[in-house]
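First comes the structure, then the notes that go with it.
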Amino acid sequence: MVHSGTQIGVLASGSGTILEAILAADIPVVVTVSDRPCRALEVAADAGVPAVLVERTSFGPSFDRLAYTHEVVDALERHEVDMVAMAGFMTILDKPFVDRWPGRVLNTHPSLLPAFPGAHGVRAALEAGVKVTGCTVHVATAELDAGPIVAQAAVEVRPDDTEQSLHERVKVAERALYPAAIRSFMDGLQ
């Protein structure tokens, strides 16, 4: 199904493997924005998608989250984005971001929310001793990792798992789940 009306912006901060999965699913990405130099920007550029670095230079108490949020929103608006997919974007954005695209920002998180929200979902699952974790695609809201759940996939926790080995299997599940969830979500917007 062609989604000529929905233009997606992707926010990414890392290796770009989730972005690669989104692009491989022929989802209409019109821009990729990152908060740091990373492989995701190269993945976008190699695919002919505009790659925009809105570099976060401050990580201390002086960080102006609101001003930074407006820079990211401006970058997305320049490309007429009407839906945003967060793909491992590691800067928490302020309220004007979700206000600009209410109910149209998706995020993927490496746990079965509402369990283990925050930056270290895989580590928290291991520390809790759960037998099953996974990934969640949810609508991003002003409250971190608390928006309505769109889709989930379970991943078994193996007795010999390290944080890295488990995270790799969760990422494999994310790369399958997220593009399908985005496409389904887009169908609901039509």
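The values are calculated or read from the model by the stated rules, or taken from the named source; none is laboratory data. Please read all numbers here as calculations on a predicted model, not as lab measurements. Every residue, glycine as well, gets a Cβ built from its backbone with ideal geometry; the counts of neighbours run over all protein chains shown. Side chains included, ligands, DNA and RNA excluded: accessible areas come from the protein's heavy atoms. Shrake-Rupley method; radii C 1.70, N 1.55, O 1.52, S 1.80 Å.
Here is the figure for the stretch 15-43: residues that are buried (at least 16 other Cβ atoms within 10 Å of the Cβ), aliphatic (A, V, I, L, M) and within 21 Å of L177 (Cβ to Cβ) total 9.
In this entry, F97 passes the filter for residues that are under 24 Å from T136 (Cα atoms), among the aromatic types (F, W, Y) and assigned to a helix (DSSP H, G or I).
Of all residues in the stretch 89-113, those being among the hydroxyl-bearing types (S, T, Y) and more than 20 Å from G188 (Cβ to Cβ) number 2. From the list V84, V73, V43, the one residue that fits, being at pLDDT 95 or above and touching a strand residue (DSSP E or B) at 6+ places or on another chain (Cβ under 6 Å), is V84.
For the stretch 1-14, name all the residues that are over 12 Å from the mean Cα position of the chain (by Cα) and open to solvent by 20 Å² or more (accessible area, probe 1.4 Å). Within the stretch 1-14, M1, V2, S4, G5, Q7 qualify.
Regarding A40, is this residue under 23 Å from F97 (Cα atoms) and touching a residue at least 40 places away in the same chain (Cβ under 8 Å)? Working first, answer last.
Working: under 23 Å from F97 (Cα atoms): yes; touching a residue at least 40 places away in the same chain (Cβ under 8 Å): yes.
Answer is yes for this residue.
When the stretch 1-26 is filtered for residues that are in contact (Cβ under 8 Å) with a residue 60 or more places away in the chain, under 19 Å from R78 (Cα atoms) and not in a strand (DSSP E or B), the ones remaining, listed by number, are G5, T6, Q7. Return the residues of the stretch 132-190 that are of a type in the set (A, V, I, L, M), open to solvent by 50 Å² or more (accessible area, probe 1.4 Å), under 22 Å from V105 (Cα atoms) and part of a strand (DSSP E or B); say none if nothing qualifies. Selection gives I149, V150.
All conditions in (1) open to solvent by less than 20 Å² (accessible area, probe 1.4 Å); (2) in contact (Cβ under 8 Å) with a residue 24 or more places away in the chain hold for R56, with the sole exception of (1).
Listed by first and then second residue, the pairs with beta-carbon distance under 6 Å, at least 6 apart or on different chains, first residue in the stretch 109-125 and open to solvent by 40 Å² or more (accessible area, probe 1.4 Å), second modelled with pLDDT of 95 or more and of a type in the set (A, V, I, L, M), are F116/A124; F116/A125.
Among the residues of the stretch 35-75, which ones are outside any loop (DSSP other than H, G, I, E, B) and in contact with a Phe, Trp or Tyr (Cβ under 8 Å, 6 or more places away or on another chain)? Explain how you work it out, then say what you get.
Narrowing the stretch 35-75 to residues outside any loop (DSSP other than H, G, I, E, B): 39-46, 51-53, 65-75.
Of everything in the stretch 35-75, those that are outside any loop (DSSP other than H, G, I, E, B) and in contact with a Phe, Trp or Tyr (Cβ under 8 Å, 6 or more places away or on another chain) turn out to be T69, V72, V73.
When the residues of the stretch 74-107 are filtered to those that are in contact with an Asp or Glu (Cβ under 9 Å, 6 or more places away or on another chain) and without any contact (Cβ under 8 Å) to a residue 60 or more places away in the chain, the one that is least open to solvent (accessible area, probe 1.4 Å) is W101.
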